[in-house]
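Enquirer: Sending over a structure as structure tokens; questions will come in a sec.
The values are calculated or read from the model by the stated rules, or taken from the named source; none is laboratory data. Everything numeric here is computed off the predicted structure, so don't read it as measured data. Here the Cβ positions follow ideal geometry from the backbone for every residue, glycine too, while neighbour counts run over all protein chains shown. We work out accessible area using only protein heavy atoms, side chains counted, and drop any ligands, DNA or RNA first. Shrake-Rupley method; radii C 1.70, N 1.55, O 1.52, S 1.80 Å.
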Amino acid sequence: MKIYEAKMAPNPRRVRMFLAEKGLLEQVAFVELDLQAGDNLTPEFVARNPMKKVPVLELDDGSHIAETMAICRYFEETHPDHPLLGNTPREKAHIEQWLRWIDFYFFLPTGMCFQHTSGFFKDRMNPVKEWGEDCRLNVEKFLHFLNKHLEGRDYICGDQFTAADINAFVTMAFNKVNQIRIHPEQTHLQAWFDRIKARPSASV
């Protein structure tokens, strides 16, 4: 199997952390793409994923799966040991709830803040700085919400490390490019971040 990625991008990092936690990192070959050079815009890559995004999983039969959580779901279902997406129906639903919240209210505004204020993709999109700054405010609001939620908790969902922790951790780490950091008074969020950062999977 192969995963087409850009290692510095947050979505591929979410997949790598997931695979590392499952003990599957060595079962996949990683193919690095240069997004700024347009490697994801070539006809060969578009045939793998018409949305032109990374990561993309290429299976041994030549078929492809795009989208971060779809790839993670594939590995969770094919390798159910050490579950990161829940055991019981209730756990699975609770984790899915948090994955959606993190995607919509944390990851999406993080990405939009970067795309619309950094100028990184100005050659292929029309950045709207005001929109990017509005997204920055939404990220800050979610950090406040997450800090309150983590009071008295080691992990986001229940007592176990899950994919929700992976997705939130990677998003928080990526916000360095937006110059958004955990505030000194957000002690619960900082303790959680340090806890996840200490895991071996955080360094893959």
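Enquirer: Does Lys122 satisfy the criteria of being open to solvent by 10 Å² or more (accessible area, probe 1.4 Å), more than 26 Å from Pro12 (Cβ to Cβ) and either at pLDDT below 95 or over 16 Å from the mean Cα position of the chain (by Cα) (or both)?
Expert: Against the criterion (open to solvent by 10 Å² or more (accessible area, probe 1.4 Å), more than 26 Å from Pro12 (Cβ to Cβ) and either at pLDDT below 95 or over 16 Å from the mean Cα position of the chain (by Cα) (or both)), Lys122 does not qualify.
Enquirer: State whether one or more residues within segment 33-45 are open to solvent by less than 40 Å² (accessible area, probe 1.4 Å), over 21 Å from Val170 (Cβ atoms) and in a helix (DSSP H, G or I). Before you say what the answer is, go through the steps one by one.
Expert: Here is the first cut: in segment 33-45, the ones open to solvent by less than 40 Å² (accessible area, probe 1.4 Å) are 33, 35, 38, 40, 45.
Within this subset, residues satisfying the condition of being over 21 Å from Val170 (Cβ atoms) are 38, 45.
With in a helix (DSSP H, G or I) added as a condition, the list becomes 45.
Yes, there is a match, as at least one residue in segment 33-45 is open to solvent by less than 40 Å² (accessible area, probe 1.4 Å), over 21 Å from Val170 (Cβ atoms) and in a helix (DSSP H, G or I).
Enquirer: Restricting the search to segment 46-65, which residues are over 21 Å from the mean Cα position of the chain (by Cα) and either without any contact (Cβ under 8 Å) to a residue 40 or more places away in the chain or crowded, with 16+ Cβ neighbours inside 10 Å (or both)?
Expert: Listed by number, the residues that qualify are Val46, Ala47, Asp61, Gly62, Ser63.
Enquirer: Restricting to segment 126-177, name every residue that is at pLDDT 95 or above and acidic (Asp, Glu).
Expert: Glu130, Glu133, Asp134, Glu140, Glu151, Asp154, Asp165
Enquirer: In segment 4-22, what residues are over 17 Å from Asp165 (Cβ atoms) and either open to solvent by 50 Å² or more (accessible area, probe 1.4 Å) or among the polar types (S, T, N, Q) (or both)?
Expert: Lys7, Met8 - these are the residues of segment 4-22 that are over 17 Å from Asp165 (Cβ atoms) and either open to solvent by 50 Å² or more (accessible area, probe 1.4 Å) or among the polar types (S, T, N, Q) (or both).
Enquirer: Still on this model: If you take the residues in segment 157-181 that are part of a helix (DSSP H, G or I) and among the aromatic types (Phe, Trp, Tyr), which one is surrounded by the fewest Cβ atoms within 10 Å (Cβ to Cβ)?
Expert: Phe174
Enquirer: Would you mind telling me which numbered condition in (1) out of contact with any Gly (no Cβ under 9 Å at 6 or more places or on another chain); (2) closer than 26 Å to Gly158 by Cα His82 fails?
Expert: (1)
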